[in-house]
Amino acid sequence: MTDHNPLLETARTTGTVPGLPDGHFIDGRFVPSADGRTMESYDPGSAKPFATFARGSADDVAAAVESASRAFDTVWRDMAPAERGRILMRASAALSDRAGEFAVVESLDSGKPYSEALGDVKGAARAFEYYAGACDKLQGDTFPLGPDYLGYSINEPVGVTAHILPWNFPISTAARGIAPALAAGCAVVAKPAEQTPFTALMLAKLLSDAGLPSGVCNVVTGVGAEAGQALVSHPLVNHITFTGSVPTGQAVMRAAADNVTRLVLELGGKSPVVVMDDCDLDQAVDGIIGAIYENAGQICSAGSRLVVEAEIQDALIDRLCQRAEALKLGHGLTDPQIGPVNSAQQLEKIAGFIDRASNRDVSVATGGKITTDPETGLGWFFEPTIAVCRDGSDELVQQEIFGPVLAVQTADDAEHAIALANSTEYALVAGVYTSNFGLAHRMARRIDAGQVFINEYFAGGIEVPFGGNRKSGFGREKGMEGLLSYCRTKAVAGRIS
Ligand code: NAD
């Protein structure tokens, strides 16, 4: 464990956390659903429900969007940017102070190991800090029209922004969208995934306590086909940031088309980790293990394909198997090295991939089975798995499994490795391990991905733009580019003489 946290003990002994929010956060306060409906959230580590939350409908979404629209027009859009920044900075500090509490809730709700959840919350606090500092630096431009004219541009906030969040990184995804939206002067309505509603609700309340005016940040909980669909279809929504699967992203894009609403889509991935035979093997082993087993592989940017040069393949796989087999599985709140997967549905999906592979040219080098928490015999767990695939069109190579399954492909040389890296319909991120500086950067240019990591998978931070190409989506979050997603350019030009 990384710190002393009494709430961790409470959650471990009682299986829940006292005082979790059970309403939507609309117009500065928690409210029940208009129709009174609720639903349950499950602890993936025990497969048991641990808390109830509101199941929102189109009526709740309408109330939230109208509140955001009002707050945008009357209080937030025209607040001095430096003042907006101060509020976001106070929120960042409060989130850092309460990181342990948020991490317990995140770990219980999503299943992820407590230390990983703590890292996510600290990363969320950092996102608010970064964008707090950007509020009063969002400058426009001037245009050289000659002495008789003045031409300039203003970065205006787009208005009401909708944020559809996934269950794998609930607080991180909420923060990386909400912080820049608020910094730009937008008002927010977020819809967390139905599997992980709590930290987004807690964040909205924390922002309010930090001085954010009522209505500027609202959260409506519930299922995608109801609350989510209503939110992305609402005519007062001016921008959508969607993070989730490709089919849902396509549905969101269709809904956005009806109102001509702009959007950023952060979708799936099947990201390659390219390992050349001149790499530092220890560094590569550490990188690959983290790339595929962090959050039990449920990461859009997981390194779920290993593309390795033939000379070192066997030695590398041996070492990876030893490391995978030694990983300590357990309930997220016991801070294991690998936690459960998020839902029974997700577990079934992962197991289906491995079951089907038994009829094909695939060797499962380690893992491959459903299991449970060794301490309690409960929960939705899958063994850390490595599968060597000889056919590049195999579904283990081509499809996003979203679990702790590494698909291995063999490369003859650098050109072949690049071709394999680019051989799926996804293009989110890629990792390259080599000691050849020039080759690393040539590969970074030639691999189709939104972000390339060299000699450290997941290198980067809130400063670095993140997003995908092709079926991985479009638009970028994080960095200053992420902030500009929430702005629209107004150009002004006039005669001055
Ligand atoms: P999902 O698409 O099922 O759900 C994502 C969100 O969309 C949830 O909040 C859900 O309630 C909502 N939703 C569902 N139907 C909707 C609809 N018709 N209209 C509006 N909202 C709707 O995805 P998931 O299974 O929760 O998440 C896993 C997927 O997300 C993976 O494919 C993963 O790669 C992707 N992901 C991508 C990133 C990224 O940044 N690129 C980050 C995390 C996850």
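Looking at region 4-50, what strands (runs of 3 or more DSSP E) fall wholly within it and have at least 3 residues that are buried (at least 16 other Cβ atoms within 10 Å of the Cβ)?
24-26, 38-43
With respect to being among the aliphatic types (A, V, I, L, M), in a helix (DSSP H, G or I) and open to solvent by less than 10 Å² (accessible area, probe 1.4 Å), Leu306 falls outside the description.
Does Pro384 count as open to solvent by less than 40 Å² (accessible area, probe 1.4 Å), more than 16 Å from the ligand (Cβ to nearest atom) and in contact with a Phe, Trp or Tyr (Cβ under 9 Å, 6 or more places away or on another chain)?
yes
The number of residues in region 220-252 being near the ligand (Cβ under 6 Å from one of its atoms) and either in a strand (DSSP E or B) or hydroxyl-bearing (Ser, Thr, Tyr) (or both) comes to 3.
Being open to solvent by less than 80 Å² (accessible area, probe 1.4 Å), outside any loop (DSSP other than H, G, I, E, B) and not charged (D, E, K, R) is the filter here; which residues of region 475-490 pass it?
Gly479, Gly482, Leu483, Cys487 - these are the residues of region 475-490 that are open to solvent by less than 80 Å² (accessible area, probe 1.4 Å), outside any loop (DSSP other than H, G, I, E, B) and not charged (D, E, K, R).
So, in region 410-432, how many residues would count as being of a type in the set (Gly, Ala, Ser), open to solvent by 10 Å² or more (accessible area, probe 1.4 Å) and closer than 20 Å to Asp314 by Cα?
Final tally of qualifying residues: 1.
The residues in region 158-177 that are more than 14 Å from the ligand (Cβ to nearest atom) and either within 15 Å of the chain's Cα centre (by Cα) or surrounded by fewer than 24 Cβ atoms within 10 Å (Cβ to Cβ) (or both) can be counted, and the count is 2. Filter region 253-268 down to residues that are assigned to a loop (DSSP other than H, G, I, E, B) and of a type in the set (A, V, I, L, M, F, W, C) and give me whichever is nearest to the chain's Cα centre (by Cα). Among those residues, the one meeting the criterion is Leu267. Any chance region 102-111 includes a residue that's open to solvent by 20 Å² or more (accessible area, probe 1.4 Å), out of contact with any Pro (no Cβ under 7 Å at 6 or more places or on another chain) and modelled with pLDDT of 95 or more? Within region 102-111, not a single residue is open to solvent by 20 Å² or more (accessible area, probe 1.4 Å), out of contact with any Pro (no Cβ under 7 Å at 6 or more places or on another chain) and modelled with pLDDT of 95 or more. For region 272-303, a residue qualifies if it is touching a Ser or Thr at 6+ places or on another chain (Cβ under 6 Å) and part of a strand (DSSP E or B), and exactly one does: Gly303. Can you work out which of the residues in region 322-335 that are touching a Pro at 6+ places or on another chain (Cβ under 9 Å) and open to solvent by 10 Å² or more (accessible area, probe 1.4 Å) is farthest from Phe381 (Cα to Cα)? Among residues in region 322-335 that are touching a Pro at 6+ places or on another chain (Cβ under 9 Å) and open to solvent by 10 Å² or more (accessible area, probe 1.4 Å), the one farthest from Phe381 (Cα to Cα) is Arg323.
Taking region 348-369 as the search range and keeping residues that are under 23 Å from Ser245 (Cα atoms) and touching a strand residue (DSSP E or B) at 6+ places or on another chain (Cβ under 6 Å), which one is surrounded by the most Cβ atoms within 10 Å (Cβ to Cβ)? Among residues in region 348-369 that are under 23 Å from Ser245 (Cα atoms) and touching a strand residue (DSSP E or B) at 6+ places or on another chain (Cβ under 6 Å), the one surrounded by the most Cβ atoms within 10 Å (Cβ to Cβ) is Ile350. Check region 131-142 and report whether any residue there is among the small types (Gly, Ala, Ser), buried (at least 19 other Cβ atoms within 10 Å of the Cβ) and under 30 Å from Pro21 (Cα atoms). Among the residues of region 131-142, at least one is among the small types (Gly, Ala, Ser), buried (at least 19 other Cβ atoms within 10 Å of the Cβ) and under 30 Å from Pro21 (Cα atoms), which makes the answer yes. As a summary of the residue check, Glu266 satisfies the conditions (1) buried (at least 24 other Cβ atoms within 10 Å of the Cβ); (2) of a type in the set (D, E, K, R); (3) more than 11 Å from the ligand (Cβ to nearest atom) except for the one numbered (3). Which of the residues that make up region 297-327 are of a type in the set (Gly, Ala, Ser) and either touching a helix residue (DSSP H, G or I) at 6+ places or on another chain (Cβ under 9 Å) or within 13 Å of the ligand (Cβ to nearest atom) (or both)? Passing the criteria: Gly297, Ser301, Ala302, Gly303, Ser304, Ala315, Ala324.
The values are calculated or read from the model by the stated rules, or taken from the named source; none is laboratory data. Treat the numbers as computed from the prediction; the structure is a model and nothing was measured. Don't worry about glycine lacking a Cβ; one is built from the backbone with ideal geometry, like all the others, and counts go over all protein chains shown. Surface accessibility is based on the protein's heavy atoms, side chains included, excluding ligands, DNA and RNA. Shrake-Rupley method; radii C 1.70, N 1.55, O 1.52, S 1.80 Å.
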